[in-house]
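This report refers to the structure that appears directly beneath it.
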Amino acid sequence: MLLYLASTSPARLALLRSSGIEPVVLPSAVDEDAVLAEASLHRVLSPAETVALLAREKAEAVVEGVIAAGGERGLVLGGDSMFELDGTMHGKPHTPERARERWLMHRGRTGTLHSGHWLIDVDPAAGAVVDARGATAEATVTFADDISDAEIDAYVASGEPLAVAGAFTIDSLGAPFISSISGDPSTVVGLSLPTLRRLVRESGHEWTALWNRRGAL
């Protein structure tokens, strides 16, 4: 059983590989701002609803391509993550100025990382979606209270926080600045592996059927 990953996130790819899965990476071309703007016309979304909506949009966009290309049957995974602090959602900062501003807010504080997942079982030969389901996962993150301005400046200058939700990582340079995590650590990386395993099982497949990397078989 193939796993199609509707994401270009290096962290999500690394997580899957470390779990014995080599996915087929098929980036989606979803305009996240447009999707959220449309949704906000109807009602205010909660953090969990926000990441769930974006994960679903990404997965559905890739499914269309898989069916059109006549690929192998498999599971298409869409994911999205955002960090919530004081009721405000934070995605990728993109600029050094915004990343530094967020780290000054993070210092000594605790926030919640929300991760959305949407899994679609697609059969291209039949041109059909067999099953689709989603779930969200949350984990709280507490930042060290003794992080110096110089450390923040050096971390921002590394470029790492610019392209990750919340402007931090726990699996690379940002890890030493995190004092504690409550919940599944992989959720903070960007993909809750226990949640994904449950979705795979609910779709009628075994998690181990996705193992296709050397050492996992």
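The values are calculated or read from the model by the stated rules, or taken from the named source; none is laboratory data. None of these values were measured; they are calculated from a predicted model. Counting neighbours? That spans all protein chains shown, and the Cβs are built from the backbone with ideal geometry, glycine included. Surface areas here come from the heavy atoms of the whole protein model, side chains and all, with no ligands, DNA or RNA. Shrake-Rupley method; radii C 1.70, N 1.55, O 1.52, S 1.80 Å.
Summary of computed values
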{"item": "Selection count, the range 48-74, where residues are within 30 Å of Thr88 (Cα to Cα) and among the hydrophobic types (A, V, I, L, M, F, W, C)", "result": "9"}
{"item": "Condition check for Gly70: surrounded by fewer than 18 Cβ atoms within 10 Å (Cβ to Cβ) and at positive phi", "result": "yes"}
{"item": "Residue list for the range 188-217, restricted to those being more than 19 Å from Ser7 (Cα to Cα), of a type in the set (A, V, I, L, M) and in a loop (DSSP other than H, G, I, E, B)", "result": "Ala216, Leu217"}
{"item": "Whichever residue in the range 174-214 is of a type in the set (A, V, I, L, M) and touching a strand residue (DSSP E or B) at 6+ places or on another chain (Cβ under 8 Å) and, among such residues, is nearest to Gly108 (Cα to Cα)", "result": "Ile178"}
{"item": "Residue within the range 131-148 that is assigned to a helix (DSSP H, G or I) and without any contact (Cβ under 8 Å) to a residue 12 or more places away in the chain present", "result": "no"}
{"item": "Residue check for Met82: more than 20 Å from Ala132 (Cα to Cα), in a strand (DSSP E or B) and open to solvent by 50 Å² or more (accessible area, probe 1.4 Å)", "result": "no"}
{"item": "Tally, over the range 38-59, of residues that are outside any loop (DSSP other than H, G, I, E, B) and open to solvent by 50 Å² or more (accessible area, probe 1.4 Å)", "result": "5"}
{"item": "The one condition in (1) surrounded by fewer than 17 Cβ atoms within 10 Å (Cβ to Cβ); (2) modelled with pLDDT under 95; (3) not polar (S, T, N, Q) that Asp131 fails to fulfil", "result": "(2)"}
{"item": "Checking Gly20 against (1) under 22 Å from Gly166 (Cβ atoms); (2) surrounded by 16 or more Cβ atoms within 10 Å (Cβ to Cβ), the condition it does not meet", "result": "(1)"}
{"item": "Scan of the range 79-125 for residues that are over 14 Å from the mean Cα position of the chain (by Cα) and among the aromatic types (Phe, Trp, Tyr), ordered by number", "result": "Trp103"}
{"item": "Among residues of the range 86-125, those that are in a loop (DSSP other than H, G, I, E, B), without any contact (Cβ under 8 Å) to a residue 60 or more places away in the chain and closer than 24 Å to Ser148 by Cβ, counted", "result": "4"}
{"item": "Members of the range 85-128 found to be modelled with pLDDT of 95 or more, among the β-branched types (Val, Ile, Thr) and over 21 Å from Ser179 (Cα atoms), listed by number", "result": "Thr95, Ile120, Val122"}
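Quick grid of which residues meet (1) of a type in the set (A, V, I, L, M, F, W, C); (2) surrounded by fewer than 19 Cβ atoms within 10 Å (Cβ to Cβ); (3) assigned to a loop (DSSP other than H, G, I, E, B):
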{"residue": "Ala150", "(1), (2), (3)": "yes, yes, no"}
{"residue": "Asp153", "(1), (2), (3)": "no, yes, no"}
{"residue": "Ala157", "(1), (2), (3)": "yes, yes, no"}
{"residue": "Gly166", "(1), (2), (3)": "no, no, no"}
{"residue": "Asp171", "(1), (2), (3)": "no, yes, yes"}
{"residue": "Pro176", "(1), (2), (3)": "no, yes, no"}
{"residue": "Ser179", "(1), (2), (3)": "no, yes, no"}
{"residue": "Ser186", "(1), (2), (3)": "no, no, no"}
